[in-house]
Structures are given as C-alpha cells and as structure tokens.
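Engineer: First the structure, then my questions, so here it is.
Coordinate-derived values only; no laboratory data. Here the structure is a predicted model, which means the values were calculated and not measured. All Cβ positions, even for glycine, are placed from backbone atoms using ideal geometry, and neighbour counts span all protein chains on display.
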Amino acid sequence: MDSHPKPVMDISLNDIDQYKPFTETKTPEESYKTFDDYFDILSTKMMNMFYGVALNGVLMYGTFMYYSQVGFNMLYDSDPMVTNTIDYLSYLKTYSYGVMKNMKVEPFHTNWTSISYISYEYFERPKYNEMVISIESGLCSTIVVDSINDVLLFEKSKYMTHKTDDPLFITKFESSGSSLYYVSRQLPVKLDLTKYTQSQIRFISIVYTHPQMITQINLEIPNSWYVKHNELFSQEFVFRALAYQSEEYVFDLNYKLLLLDNNMNYVELTNNQYVEINDDDYRILTDA
C-alpha cells in the first residue's frame, strides 16, 4: 500500500498560464449603448436644470415687472407735474420714431383742430398737406373751433394756387376723460363739443390697396373716430391715415379701400366714396 496519497488535481506548470482571473468583456455595440445611456441621463438632468432656471427667471422677471409697474403707476399719479412730464417724455419717444420713419404724429396737446387737403402740382404725385392748431382745454368750444377753421381755410386758399380737393376738418377734444374726434368734409356746423353720440358700428378690417403696391396696408382707426355724423374714408381721410403710419405706400386716385364691419358686411370704396357714421349703421356717399 502506497503511503503517499495522490493529489486531487494534477496541474502541470505549463497549464498555470492558462488560468487567469475572470473579467467581463463587452462588445463594441454594448459599450456604445452604455455610453448613450449615460449621455441620455446627463442630458435629461441638464435640461431639467435649464428649465428650472428658466422658469425661475421668468417668475422673477414677471414679479419685477409687476412691482415696477405698480411703482410707476404710483409715481405717475403722485403729482400733476410728474404726470405731465412722463406724458411729454413718452410723446417725445413717439415723435422721434415718427421722424425716423417719415410719418406724421398728432400734437401733444389733447385739444386741437386741423385742416387737411390734397394738392396736385403739375405732373407730381398728390401731396398731403395739414395745418393744426392746438386749443387750451378751457377754450375748446364750437365758436373757437369754427373761428380757427375759418382761419385755416383762408390760409389754405391763400397759399395754394393749384387744384385741390375739398378739405377735411378734424377737431380732437377731451370730453368726460375720453379723447374724441369729429371728422367732416366741411366746416363743423353747430357741433356741441360737450355732448356726443358714440356709434355702435365698427370696422374690424380696413385695408388699403393700390395697383402699384405689392403688399396691402392695414389701417387702424381707434374707437374715438366712430361718432355719429362723422365722415370717414374720404380721399383726405385715407391720405391722412397713410401719412400717420410707418409703411411705404403709393397714393393717387387709383386706390381702393376694403372694409369689413362688425356685422361682417364687406364694402369696397373707391376714391370718390366715403362713409357717414350713424347710431348703429352707416351710409356710403359719393362725391358729386
């Protein structure tokens, strides 16, 4: 009997190099997949952080603007001199923009009256002309307005030697805290500037078109123009509306005005037509 037991395993020295620690190996596709997962997670976290910062920024900006507006309103109402100064600075901004865009801007004063007319000089395009007189609030009356308009009409006839159309007289005044406009093709006759009738009619779309223009121009008329007996959209009215906006335009007697009222009625006006406003409707009139 052999006294030396046999080894459990017989490993030769030549086999030792074949036994190495186990390591997990991955295919290139699996490695790319793992990288994509980490990238997706990182991207998601970064986007969530960005959205959070952006949301907080928007909330902070909104809060700042709200309290700034509250403070500005308190300052604006604190003293009449402060109110007038802020209004004038705002007007200077609007006036400067008008100068840069070559467009007209209404006077700073609340109450004024004006005469607008079109002149034709030889073969040049029609020219828009306007004379405006400001009126103190306490002096804005029918007698004063009629007298000033007589002077404006005299000045207009004095300097214009070429053919002109009938003038357009516009008086702007403040009544009960609202700015109102009276518009007519003739001198205002016995208008009571302390009373007015606001019409129910509105034109929700006013489009100016001309065959020499590629694009159309949308004209905006504030509600203060929709007063009973006002005459809107005459040649002088349309030319004035174009002069008081910033887009390039061509004006002559070939234009058309496309109107859509609040009752969804469609109207097309030519150069010799205009609209007279009534309580809840309007009439289309034609020049003689």
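Engineer: How large is log10 I(q)/I(0) at q = 0.18, 0.25, 0.26 Å⁻¹ when the Debye formula is applied to the Cα atoms of region 209-288, each weighted equally and without solvent?
Structural biologist: Log10 I(q)/I(0), no solvent term: -0.79, -1.45, -1.53.
Engineer: Let me ask something else about it. Based on the Cβ-Cβ distance from THR110 to VAL58, what FRET efficiency comes out when R0 is 30 Å, to the nearest 0.05?
Structural biologist: Rounded to the nearest 0.05, the efficiency is 0.20.
Engineer: Mind ordering 196-206, 232-242 by average Cβ neighbours within 10 Å, highest first? Intermediate results must be reported in sequence, preceding the final value.
Structural biologist: On the way: 196-206: 15.8, 232-242: 23.1.
Top of the packing list down: 232-242, 196-206.
Engineer: Where Lys and Arg each count +1 and Asp and Glu each count -1, what net charge lies around LEU219 among other residues with Cβ under 13 Å from its Cβ?
Structural biologist: Numbers: positive: ARG240, LYS256; negative: GLU220, GLU247.
For residues surrounding LEU219, the net value is 0.
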